[in-house]
1. What average count of beta carbons from other chains do you get within 10 Å of the Cβ of residues in B:186-199?
2. Out of the DSSP beta bridges found with both residues in region A:144-241, what percent are antiparallel (nearest 5)?
3. I need the semi-axes of the equivalent ellipsoid of region B:41-117: take the C-alpha gyration tensor, multiply each eigenvalue by 5, square-root it, list largest first in whole angstrom.
4. Show me the GluC sites (Glu not before Pro) within region B:95-184 that DSSP assigns to loop and that have at most 13 other Cβ atoms within 10 Å of their Cβ.
5. Name the residue farthest towards the positive end of the dipole of chain A from the options A:ILE229, A:THR195, A:ILE89, assuming +1 on Cβ of Lys and Arg, -1 on Cβ of Asp and Glu, about the Cα centre.
6. Dividing the alpha-carbon Rg of the protein assembly as shown by 2.2 N^0.38 Å yields what?
7. Quick one: B:THR171, B:THR58, fewest Cβ neighbours within 10 Å first, how do they rank?
8. May I ask you to order A:165-175, B:222-232 by the average number of other C-beta atoms within 10 Å around their residues, highest value first?
Amino acid sequence: MGVQQNLRRGEVTIRHLSKSYRLNGAPLPVLKDINLNIRSGETLAIVGASGSGKTTLLRVLAGLEDADAGDVLIDGTAIRGVGAERAVIFQEPRLLPWLTVLDNVGFGLETRGLSRSEARGRAQHYVQLVGLQQFEGAYPRQLSGGMAQRVGIARALAVQPEILLLDEPLGALDAMTKISMQQELARIWRDEDVTTVLVTHDLEEAIYLADRILILPREKEGEPRLIEIDLPRPRDRSAPDFVRHREELLSIFGLH
Amino acid sequence: MSYENVSTFLAASFGHRRLARVSAPTATPPRLLGFLGPIAARYGLLFGFLAFWQLASTTGWVNPAVFPPLDVIVSALWGGLSSGALLDDIAISLQRSGIAFAAAVAVGIPLGLFMGQVRLVEQALDPILQLFRQTSALALYPVFILLLGLGETSKVFVIFWATLFPILLSTIGGVKEVDRKLIEMARTYGAGPLAIFRRVVLPASVPAIFVGLRLSATTALLLLIAAEMIGANKGIGFQVMNAQYNFQIPLMFAAILLLALLGLAANALLVLLQRNLCRWSQPNN
């Protein structure tokens, strides 16, 4: 499949990936023989009930956890641990409380060898991109939840990754902030050509943001399914096609 | 009052000052009242206590030979300071506690950072640390005298011993309580163990380390006095005992007052340092 095709930057191939945890000594399978090709530059949403392993899959992609079997290939090369071509955005912003907004955004640049002033220079652009230029000098505890998460997003974008991995990034935000952040993410991704994997439990968010949606079943409840979302952008949540996709997803989860 | 009480009292009072400072400008309407209100709330009881002491002593309600009036105590303090008699004692006391405190910092913080990072070392050393910690430094003082003689070394060492544990244990605690999620985040940005230590673990531990430092500073003064009461011929602690033997009660109280002021000054200095180092954790800046 994808392996034979000519490979572009940020293409992810997942082959026969399996992983189980141990629960009271007994193995608890969370991922069973996942095969998937994530196209360069696309946004793939991963949805599934809790316990379906969607976060585990993302953590394996991030290199934070090892799979029991199978490989993850990025542009044809198997990954080993974390890598500079990937950046992770977690559910919590995970900002360093003793650094200002600007230095938090520059953090990943500094750990990769840039001097503080170089990092600040580049970070400035991304602080602007998420609309926080007035808060450059603020400390994380002075920010609201949505602002803090925007700093986390800017920090990830600042290292210019080929692949952006998001683990329920908007899950902890209130409904209003969430919708405005979704719009902002859609805008940012239109400009930044980056392969994106978005784990979410919000079906509407998945349809609003993703090119394709991977639905992970709970254990022994069938095979993973992929749905193509071929809607024009910016997307309209009330458009008939949008609603149709939502109903399709709901019925897959047996909620319709 | 045990030294734990003293230190929590000091910590609480300094915490309050910050709040008072912030809330002072908001209480504006009657201006003088708004200005005096917080001061009265904060220091009213202290002034009341001092006024009661003065009054009770001058009216003879308590024996002025045992509780001399405050003006007599203050003038005894002033006399001791201006004649230079007390300055020698202050110098030697500060030297003893200063060397011991500095040594405890120099040993406690690096060792604590190391122990907090390496689980195996921490697990191996923790039981013996707990045992040492629970053994009163004062009870061990005779042992230190046996080993090190009755000179300066045993005095400095007993203070060092007592101040080491608050610093060491707070540092270990600070390192162990660093948010694992922040470390994981740093890892995804390619930070190796050294960078994680320098950029995440160390700054995250600073507030906990300061808790230990402030506790230790109080302990240092407490142990200083105890050490100087046994086999010393100089020092503020010696003066307290000596003045009492010679029935120079105002001088005794003057030395006690001096100790309290030194404790307050040490704590204020550490609070100031902490504010400058940990501006990110202050509620208002």
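Read-outs throughout are calculated quantities, based only on the coordinates presented, and are distinct from any laboratory measurement. None of the values given here were measured: they were computed from a predicted structure. Reconstructed Cβ throughout: ideal geometry from the backbone, glycine too, with neighbour counts over all protein chains shown.
1. Averaged over the peptide's residues, the number is 5.
2. Roughly 45 percent of the beta bridges in region A:144-241 run antiparallel, per DSSP.
3. They are 40, 21, 10 Å, listed largest first.
4. Listed in order of number, the matching sites are B:GLU177.
5. Highest projection toward the positive end goes to A:ILE89.
6. Working it through for the protein assembly as shown, the quotient is 1.33.
7. Fewest-to-most ranking of B:THR171, B:THR58: B:THR58, B:THR171.
8. Result, highest mean Cβ count within 10 Å first: B:222-232, A:165-175.
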